[in-house]
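For reference, the structure discussed in these notes is given below.
The values are calculated or read from the model by the stated rules, or taken from the named source; none is laboratory data. Just so we're clear, the structure is a prediction, and the values are computed from it rather than from any experiment. Glycine also receives a Cβ, built like all others from the backbone with ideal geometry; neighbour counts cover every protein chain displayed.
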Amino acid sequence: MNAVFNLLHLGAENCVTGSCHLLQANGLTIMVDCGLVQGGDAENPIASWSVKPAEIDYLFLTHAHIDHIGRVPELIQEGFRGEIICSHPTKSLLYPMLGDAMKFSGMPEQAVGSIEKAIDDLSWGFEFGENFDLEKGIQFKMGRAGHILGSSFIRFQNQRSGWSVLFSGDLGAADTPILRDPETPDTSDLVVMESTYGDRLHEPRDQRIRQLGGILTRALADNGKVFIPAFSLGRTQELIYEMDRIFSDPTYQEMFPDLQGEQRPPVFVDSPLGLEITKIYSSLSEYWDKEARDLKERGDHPIDFEGLYAVENHRDHLKLCDAKGPAIILAGSGMCTGGRIINHLKKGIDHPKNDILFVGYQAAGTPGRAIQRHSHRPDGYVDLDGERKTIKASVHTLSGYSAHADQKGLADWIASMPEKPGSVKLVHGEEGARVALADALEKRGYTVH
């Protein structure tokens, strides 16, 4: 690494989840993200790190997804007492996201309370698009990444040498509901860039809504249920927004008549965390894009509509599991690794009149990936909570709903820099995605590690 910045990748260098990077310069130790691994990705134990948590001066968080923030409680338990820096929306989302994760960790209640207080005491929200002096000649600036509300890319510059490094965080696609498009980054000497979908191209947004409406129309024709495993943060709100468009926009009303009026299926958000996050999204409308703000000003709240129901307690969740269709059910977790979606799938995955709709990345080793891979086999099955279930429900995947930019989006984002960066380091991607994106960038004249 450059003599003025020492960079060490502690997580997600060669896989998708568990993002964690360590930056050292001018006597400062800065960590960027501290996430949990998911699926079959390998975790790097804190005890094996080259620095102790107590020696870390600052923790920067690009956004509030668990694979970027999930190890923050462990970091604090192991002695971290530095400052946590992120955008204002991310700070608002930290408490519910980490509080929910700690509930399922087996951590004693007293320890949970202590860590929640420490997170609140240590964390600070900053605005996008402004340069801030950290200390010892290090300056940082955050830009909107368009992945989820509050997501950012972060650029650090050493004022003593002028050398700079930019962490992309997770980059979103342009024209994503509710979110402003990813902003143009400043030129940097090194760009550490995600590559989740470096080998794929997504459908355009208008085509995606048409596909969603078409799948829902066909799936509900036999009065079955549509199960949508959805991340509580980001994907749930985006899906609510898109369904609101299908149900209220005249163009889509005409296009999908079987989803209108008395035929409109009820939509259930069966996720306590998803409901809490949706309320936070509603309270942060100043960070929405213009389209969403305009809809709200006209009296059409973009993440609420008639026929949208909240399933808040476990009793109602069990009733919904036993209820007959038609119904659209959004539930976590997004990769089917736990949460209420498991009960729904255990009840309904072996019924051919039901449908499962994946709208997000399914990591290797997760039940979601297994369902995608084995659903087309006559004897395809998946293990859910130790129970082997035959997959008879129809399975669909809409890649256009990914919160990650595709290969073109990633390449266009870095190409929007005023000048080419000195080099690009690809992280946060499976090998095939990294190789494909590296090839695409090298053809455009970039130096890629």
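Check region 176-184 and report whether any residue there is closer than 23 Å to Ala364 by Cβ and in a loop (DSSP other than H, G, I, E, B).
No: region 176-184 contains no residue that is closer than 23 Å to Ala364 by Cβ and in a loop (DSSP other than H, G, I, E, B).
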How many residues are more than 18 Å from Gly169 (Cβ to Cβ) and buried (at least 20 other Cβ atoms within 10 Å of the Cβ) when one looks only at region 401-420?
1
Here the residues within region 218-260 that are more than 17 Å from Val359 (Cα to Cα) and of a type in the set (S, T, N, Q) are Asn223, Ser248, Thr251, Gln253, Gln260
Just give me the residues in region 348-395 being touching a helix residue (DSSP H, G or I) at 6+ places or on another chain (Cβ under 9 Å), in a strand (DSSP E or B) and farther than 25 Å from Arg434 by Cα, in sequence order.
Asp355, Ile356, Leu357, Tyr381, Val382, Asp383, Leu384, Glu387, Lys389, Ser394, Val395
When restricted to Gly432, Gly445, the only residue under 30 Å from Ala145 (Cβ atoms), out of contact with any Ser or Thr (no Cβ under 7 Å at 6 or more places or on another chain), part of a loop (DSSP other than H, G, I, E, B) and not acidic (Asp, Glu) is Gly445
Reported set for region 305-321 where residues are touching a residue at least 60 places away in the same chain (Cβ under 8 Å) and either within 19 Å of Leu345 (Cα to Cα) or outside any strand (DSSP E or B) (or both) is Phe305, Gly307
Taking the stated definitions as given, is Ser92 among the small types (Gly, Ala, Ser), touching a helix residue (DSSP H, G or I) at 6+ places or on another chain (Cβ under 6 Å) and over 19 Å from Glu135 (Cβ atoms)?
yes
For Thr29, are the conditions met, namely being touching a Phe, Trp or Tyr at 6+ places or on another chain (Cβ under 7 Å), farther than 17 Å from Ser232 by Cβ and either outside any helix (DSSP H, G or I) or among the basic types (Lys, Arg) (or both)?
no
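Report yes if some residue within region 368-376 is under 21 Å from Arg235 (Cβ atoms), crowded, with 21+ Cβ neighbours inside 10 Å and basic (Lys, Arg); otherwise report no.
Checked against the condition, which is being under 21 Å from Arg235 (Cβ atoms), crowded, with 21+ Cβ neighbours inside 10 Å and basic (Lys, Arg), region 368-376 yields no hits at all.
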Does Pro418 satisfy being part of a loop (DSSP other than H, G, I, E, B) and modelled with pLDDT under 95?
no
